[in-house]
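Novice: One structure, as structure tokens, below. Some questions next.
The values are calculated or read from the model by the stated rules, or taken from the named source; none is laboratory data. What you see is a predicted model; the values in this text were computed from it and never measured. In this analysis, Cβ positions are derived from the backbone assuming ideal geometry, glycine residues included, and neighbour counts consider all displayed protein chains.
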Amino acid sequence: MTTVLLVDDQALVRVGFRLMLESAGVDVVGEAADGATAVDQAAALRPDVVLMDIRMPGVDGIEATRRVVAAHPDVRVLVLTTFDLDEYAFAALRAGASGFLLKDARPAELVAAVHAVASGDSVVSPRVTRRMLDLFADRLPDVGETPDPLRPHPRLAALTPREVEVLQLVAEGLSNAEVAERLVLSETTVKTHVGRILAKVGVRDRVQAVVLAYETGLVRAGSG
């Protein structure tokens, strides 16, 4: 059974999410009303997923996400946001969240998102991730000149030329099926490449791989 820690400063919101999750067989093991408590609860309870509100007094959801992910790499964070292009949601992704979910999500969407994150997937479509990265490109580190494909960024050095190509297409917003069509590969082969990319560059999911592609200059805002 998937275990979840609910974090939101509004008690009624926590009650609503608890009812939706528990009715679908998800085990809500704890609640927190602020980021500091969330960090402590994550350490004590080690849930599969932390459903994390972003805007909270004191330690906000972004900093709480950063602390939880750093201390417990096996705990996944799914952040809650009101708007799908919320700057705070973007910051949470960069802090290590595995995706974000709108607060007005339907019960089925909420449950599916929690299960997806718990299984190691991400809950942000590549296209939405790219829109967010494009919108907030000025927040990314300056990587200098356009990267030389023959001299990859050190964090990408372990990738094969094909894996670099797959990562670039994923970061440009293509789904696995679209990458397969573009490269004339099977979708299964693309999934295998994506899995190897995540392992080699040391990120946990597709969202973090997309962020890395931008941060290393492999893909730039407005490209593709």
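Novice: For segment 34-58, enumerate the residues that are under 12 Å from Val7 (Cα atoms) and hydrophobic (A, V, I, L, M, F, W, C).
Specialist: Result: Ala36, Ala38, Val39, Ala42, Val49, Val50, Leu51, Met52, Ile54, Met56.
Novice: How many residues, within segment 1-43, are in a helix (DSSP H, G or I) and either of a type in the set (Ser, Thr, Tyr) or free of Cβ contacts under 8 Å to residues at least 60 places away in the same chain (or both)?
Specialist: So the answer is 18.
Novice: Can you confirm whether Val111 is touching a Gly at 6+ places or on another chain (Cβ under 6 Å), modelled with pLDDT under 95 and under 28 Å from Gly195 (Cα atoms)?
Specialist: Details: touching a Gly at 6+ places or on another chain (Cβ under 6 Å): no; modelled with pLDDT under 95: yes; under 28 Å from Gly195 (Cα atoms): yes.
For Val111, the condition - touching a Gly at 6+ places or on another chain (Cβ under 6 Å), modelled with pLDDT under 95 and under 28 Å from Gly195 (Cα atoms) - is not met.
Novice: For segment 44-59, does any single residue satisfy the condition of being modelled with pLDDT of 95 or more, assigned to a loop (DSSP other than H, G, I, E, B) and out of contact with any Ser or Thr (no Cβ under 6 Å at 6 or more places or on another chain)?
Specialist: yes
Novice: Among the residues of segment 161-213, how many are assigned to a loop (DSSP other than H, G, I, E, B) and over 15 Å from the mean Cα position of the chain (by Cα)?
Specialist: 6
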